[in-house]
Structures are given as structure tokens and as C-alpha cells.
Amino acid sequence: MSLTVARPPGGSRVLLGSVAVAVAAVVVWEVASHLSFVIPRPLATAGALVRDLGDPRFLAGLRETLLAALAAFALATLVGGLIGLGLGLSRWARVVFAPIITVLNGVPKIVLYPVLLPVFHLGYGSKIVMGLLFGLFPVLINVATGVREIPDVYWRLARSVRANRWQTLTHILLPAIRGPLLTGVRLAVSLSLVGVVLSEFFATKQGLGRVVLQSYSGGDYADMMSTILLLIAISFVLSLLLWRLERRVR
Amino acid sequence: MSVRAPEAVAGTARRPAVRRRRRRPGSGLVSALATVVLVVLAGAVAEVGARAGWWTPDVLPAPSDILPATAQIVAAPEFWPDALRTGTELLLSCVFGVLAGLLLGVAFWKAPGVGRVFEPYLVSFYAVPLVLFYPIAIVLIGINQWSVIVLASIMTAIPMTLNTWTGLRAIPPVYLKLAASIRCSRSQTLFRVALPAAAPYVFAGLRLGVVYALIGTVAMEFTTAQAGLGYQIRYLYESFDAVGMYAYILVIVAVSVLLTAVLEIAERLLLRRRDA
């Protein structure tokens with residue numbers, strides 16, 4: 001199966017192709033920026049990014065957004081992993097909670113932000129909880145599915161070597177679900193970041209979401225573009241690294 | 001089955017045809033009953049808490065206030081322009097996204113080299129992060145429904161593409177050999193053999209795509225728009241109308257339940273016909 005091959009033949013050609021796609025996108029962007037005055041030039045955008053990265057207020061916003069996203073991601077992985085474990089291990093829990101979880105997964109979580117604001121306050125609290133809600137479900141669902149599909153023989157092996165619960169968890173269960181777990185973690189990384197930034201679009205004192213919105217309403221599109229692309233690039237690189245890791249362990 | 005799509009978010013939707021038949025009879029009924037009990041329980045806690053003043057009414061009003069307000073809002077004529085706007089955006093992005101996803105999935109299957117070149121982007125932009133492009137889209141397209149539709153279509157297209165492609169790659173080669181040996185034309189091979197064989201994956205992609213279309217549409221309306229259900233929630237929040245806001249949140253939850261149910265039923269019907 002091609003998915004199990006760590007490095008498909010012609011891997012470097014594929015990499016070259018992927019880079020060429022990115023280059024082509026920048027060329028299209030350059031051309032488009034000459035056709036429409038609202039589109040900032042790629043060079044102007046890069047300039048704005050360099051200027052921003054030298055600005056201590058921007059860096060404070062970047063720090064706040066990334067810290068909130070990190071906290072949200074860690075909580076999403078922990079909470080989602082534990083609930084997923086419970087759901088995967090217990091048929092009873094699956095029967096009772098599966099429909100509710102399917103529905104909650106489909107609900108656009110952002111509409112709950114006004115609800116979170118008075119409870120968790122305007123600072124870090126409410127955005128971390130929003131990021132947690134965004135990142136929770138992929139971890140939960142993937143872990144639950146992974147645990148449920150562990151072959152019976154693994155459990156029999158655990159019993160036959162008299163592994164205790166902790167040993168079963170670390171030596172049998174976690175290695176067995178590493179694929180789906182990584183898939184969930186990869187999705188949770190970018191979703192937590194998106195949850196935090198969307199919360200900042202809505203209401204916050206600090207953070208990159210606010211920077212984006214301010215430069216949007218100020219008509220400073222180069223600044224807006226560079227901040228969005230910075231966020232996208234962070235999420236892109238992290239996802240890509242996790243995806244490569246995921247393919248290697250499979 | 002050792003193949004796991006890299007995009008297995010809704011794991012429950014992954015191997016529907018195999019899983020569901022193994023379910024013991026009656027578990028569906030227990031599930032439904034348990035869900036009703038849980039919802040009623042949550043409603044009761046909210047009611048008692050709001051009445052007893054455990055929290056202020058602007059945090060969470062009593063359900064006995066929200067439910068009549070919801071009925072009133074849905075019955076009022078002002079509700080429908082927003083519902084129609086969101087509905088149109090949702091429908092168009094699902095149609096565009098699903099068609100584009102199917103097309104790209106088949107194209108990547110035919111030309112795996114091209115697919116692998118684009119794969120890292122599809123996987124890393126996996127749907128929801130695209131919401132971050134919304135401010136750019138409203139600068140380019142304007143604050144109107146098209147900026148929402150364009151991004152929501154792409155969000156739908158990504159899981160559709162990846163799942164269709166994975167499903168087609170997972171077809172046992174013997175199916176295609178059989179099709180060749182009985183001299184199926186190319187379109188017959190695709191529509192009669194390949195796509196039906198990949199159907200469980202395609203459906204998993206469809207479910208994900210529709211969920212993302214809803215999430216994306218509402219999130220973008222919520223961020224900035226002039227109309228739509230997501231916009232109304234923000235508007236009511238900013239005018240301190242907690243009951244009205246929760247009523248609209250309930251409407252959106254109802255829409256997502258409805259979509260999930262419709263997709264589930266459609267999937268069962270279509271896959272049953274395929275398996276029969």
C-alpha cells in the first residue's frame with residue numbers, strides 16, 4: 001500500500017513540485033496585485049512582516065496568541081485523549097454519548113464565544129477555552145476510533161504477560177493507536193490556533209487576531225496580509241511536520 | 001483494512017459499511033433514549049440554575065424563556081431572510097465543494113504525481129484554518145455572500161478530495177482488472193466500478209465537508225457580515241439580548257442536527273443499495 005511507504009519513489013521530485021506550486025502562487029499574487037489596487041504586492045507584504053517583527057507591540061501580540069494556542073492545544077489533547085480513551089474502551093459509554101458527540105462536533109463552536117466571555121473573562125481565559133473547544137473533537141474522535149479498533153489479540157497479549165493497567169496503557173494501547181492519535185493531534189494544532197485567532201477577531205485586548213482586524217479596518221492591507229500569512233505559515237509548518245511524522249510511524 | 005486516510009477526523013464515519021452491521025440490535029434505541037435523557041437533564045440543570053440565580057440571566061437564560069423565544073423568532077417573517085442567506089451559502093458551497101472534490105479526487109487518482117504535489121497543502125490547510133483567509137476574501141470580493149461561499153466551498157472540497165482519492169486508491173486492483181476484462185468503457189469503469197467501490201470513503205468525505213461548510217459559513221458570518229444566522233448571533237450579543245442570541249444558537253444546533261441526520265439516512269440508503 002502506498003501509504004505505508006515512508007518515502008515514495010520520486011520523493012524529491014514531488015517536493016520540487018510542491019515548492020513550484022508555492023512559487024506559482026506567489027507569481028499569480030504578484031500579477032494580481034498589479035491588476036487590483038486592494039491587493040498588496042508580495043514585496044510590500046514581506047516588508048510589512050519584517051517591520052512588524054521588529055515592533056515590540058506586535059511581538060507581544062504574537063506571544064499572547066501563540067501562548068493561548070499552545071495552552072488550548074495541550075488541554076485539547078489531554079481532555080480529548082482522556083474522553084476518547086473512555087469512549088473507546090467502554091461500549092456502554094459509546095452507546096450513551098456517541099450521538100451527542102456527533103452533534104456537538106458539527107456545531108459551529110464559535111457561536112458559543114459570547115457565552116464564554118462573561119464566564120472566562122476577556123483575557124487569556126475565554127480564548128483558551130475557545131481554542132480547546134475547536135481542538136477537542138478531532139483528538140477525541142480519533143482516539144476513540146483508534147482504541148475501539150485495537151485487535152483483540154493485543155488485549156489477550158496484555159493479559160497473558162500479566163501487564164498491569166499502566167503497562168497496558170503505555171506498552172500496548174498508546175503504540176497501537178499512535179496513527180490516529182497523531183492525526184487528531186495534527187488537526188488539533190491548527191484548530192486550536194484558529195479558535196484562538198477567531199476569538200480575537202471577535203473581542204480581545206491583545207493578540208494577532210486583533211492586529212488583523214485593526215489593519216483591516218484601517219485599510220492597511222499589506223499589514224493584514226502579512227499577519228494572516230504569518231499565522232497560516234505557523235499552522236502550515238506545524239501541520240506538515242506532524243503529517244510527515246504520522247506517515248513515518250504508520 | 002490497514003489503510004487509514006490521513007484525514008480520518010470523523011473516525012466514526014470511516015468504515016461505515018463494515019462497522020454498522022456488527023452493531024448489536026437495540027443499541028440504536030438505547031442511544032436515542034440516552035440522548036433524550038441527557039438533553040432533558042442538561043435542560044433541567046440550566047432551568048434550575050437560572051431560576052435559582054446560580055448565574056446571571058445574561059450568561060445563560062432559563063430554557064423556559066429560550067424555547068418560546070425560539071418559536072417566536074422562527075415564526076416571525078424577519079427570520080427568513082437570514083435563514084435563506086445562510087441556507088443559500090451552505091447549499092451552494094456544498095454543491096461547489098462536493099463537485100470540485102469529486103473531480104479533484106478522481107484527477108489525483110488518475111495522476112498520482114500531481115496529487116502528491118498538492119497533498120501537503122490540502123492536508124495542512126485541512127478545511128478550518130481557511131477561515132483565517134476571510135479578511136482577505138472580504139477585501140477582494142467584498143462583504144457579501146460570495147466571499148463566504150468561495151471559502152466555504154474550498155473547505156468542503158478539501159475533505160471531499162482527500163477522501164475520494166484515498167477511497168479510489170484503496171480499491172482492490174482485481175475490481176479494475178475485472179472491469180478491463182469485460183471491456184468497460186472509461187466512464188463505466190469510473191461510475192459503475194470505481195466510485196461505488198470507494199463510496200464509504202466518499203461518504204465520509206461528504207459528511208466532513210458538509211460539517212465544515214456549516215462551521216465555516218457560520219464562523220465567517222459571525223466574524224463580519226451583513227446578514228445570516230451567524231451575523232444575528234453577534235448582533236444580538238452586541239445588543240445584550242441573551243434570550244434572542246440563545247434562540248439563534250438553538251436554531252444553528254437544530255440545523256446541524258438535521259444535516260447530520262439527513263446525511264446518515266442518505267448514506268445508509270445508498271450504501272444498502274450498493275451492498276445489495
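Below, the figures for the structure above:
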| item | result |
| --- | --- |
| Residue list for segment B:71-104, restricted to those being of a type in the set (S, T, N, Q) and within 14 Å of chain A (Cβ to nearest Cβ) | B:86, B:93 |
| Which numbered condition residue B:256 fails, given (1) closer than 21 Å to residue B:150 by Cα; (2) more than 9 Å from chain A (Cβ to nearest Cβ); (3) assigned to a helix (DSSP H, G or I) | (2) |
| Pairs, first more than 14 Å from residue A:85 (Cβ to Cβ) in segment A:146-172, second open to solvent by 90 Å² or more (accessible area, probe 1.4 Å) and part of a helix (DSSP H, G or I), C-beta under 7 Å, six or more apart | A:163/A:171 |
| Scan of segment B:250-276 for residues that are touching a Phe, Trp or Tyr at 6+ places or on another chain (Cβ under 9 Å) and open to solvent by 70 Å² or more (accessible area, probe 1.4 Å), ordered by number | B:270 |
| Any hit, segment B:191-199, residues being within 13 Å of chain A (Cβ to nearest Cβ) and open to solvent by 10 Å² or more (accessible area, probe 1.4 Å) | no |
| Residues of segment A:102-144 satisfying the condition of being at pLDDT 90 or above and polar (S, T, N, Q) | A:142 |
| Some residue of segment B:205-224 being in the same structural domain as residue B:74 (by TED's automatic domain parsing) and either open to solvent by 50 Å² or more (accessible area, probe 1.4 Å) or acidic (Asp, Glu) (or both) | yes |
| Wholly within segment A:67-169, helices (runs of 4 or more DSSP H) carrying at least 3 residues that are farther than 21 Å from residue B:35 by Cβ and within 10 Å of chain B (Cβ to nearest Cβ) | A:113-120, A:124-148 |
| Conditions (1) without any contact (Cβ under 8 Å) to a residue 40 or more places away in the chain; (2) open to solvent by 10 Å² or more (accessible area, probe 1.4 Å): number failed by residue A:106 | (2) |
| Those helices (runs of 4 or more DSSP H) lying entirely in segment B:119-192 with at least 1 residues closer than 18 Å to residue B:96 by Cβ | B:134-140, B:145-169 |
| Residue match in segment A:212-223 (condition: farther than 28 Å from residue A:120 by Cβ, in a helix (DSSP H, G or I), touching a helix residue (DSSP H, G or I) at 6+ places or on another chain (Cβ under 9 Å) and open to solvent by less than 50 Å² (accessible area, probe 1.4 Å)) | yes |
| Where a residue in segment A:77-102 is farther than 13 Å from residue A:184 by Cα and its partner, wherever it lies, is charged (D, E, K, R) and modelled with pLDDT under 90, with Cβ under 7 Å and at least six apart | A:87/A:94; A:88/A:148 |
| Among the candidates B:112, B:135, residue that is over 22 Å from residue A:187 (Cα atoms), open to solvent by less than 10 Å² (accessible area, probe 1.4 Å) and within 9 Å of chain A (Cβ to nearest Cβ) | B:135 |
| Any hit, segment A:178-191, residues being part of a loop (DSSP other than H, G, I, E, B) and either within 11 Å of another protein chain (Cβ to nearest Cβ) or open to solvent by less than 50 Å² (accessible area, probe 1.4 Å) (or both) | no |
| Where a residue in segment A:195-212 is free of Cβ contacts under 8 Å to residues at least 60 places away in the same chain and closer than 18 Å to residue B:136 by Cα and its partner, wherever it lies, is in a helix (DSSP H, G or I) and among the β-branched types (Val, Ile, Thr), with Cβ under 8 Å and at least six apart | A:201/A:212; A:201/B:223; A:212/A:197; A:212/A:227; A:212/A:228 |
| Residue in segment B:242-249 that is at the interface with another protein chain (Cβ under 9 Å from one of its Cβ atoms), surrounded by fewer than 23 Cβ atoms within 10 Å (Cβ to Cβ), part of a helix (DSSP H, G or I) and of a type outside the set (Val, Ile, Thr) present | yes |
| Qualifying residue in segment B:83-93 (condition: crowded, with 20+ Cβ neighbours inside 10 Å and within 22 Å of residue B:201 (Cβ to Cβ)) | yes |
| Qualifying residue in segment B:202-216 (condition: free of Cβ contacts under 8 Å to residues at least 40 places away in the same chain and hydroxyl-bearing (Ser, Thr, Tyr)) | no |
| Every residue from segment B:115-132 that is within 17 Å of residue B:153 (Cβ to Cβ), facing chain A (nearest Cβ under 7 Å) and in contact (Cβ under 8 Å) with a residue 40 or more places away in the chain | B:126, B:128, B:131 |
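The values are calculated or read from the model by the stated rules, or taken from the named source; none is laboratory data. Worth saying up front: this structure is predicted, and the values here are computed from it rather than measured. Glycine also receives a Cβ, built like all others from the backbone with ideal geometry; neighbour counts cover every protein chain displayed. What goes into the accessible areas is simple: the full protein's heavy atoms, side chains included, and nothing from ligands, DNA or RNA. Shrake-Rupley method; radii C 1.70, N 1.55, O 1.52, S 1.80 Å.
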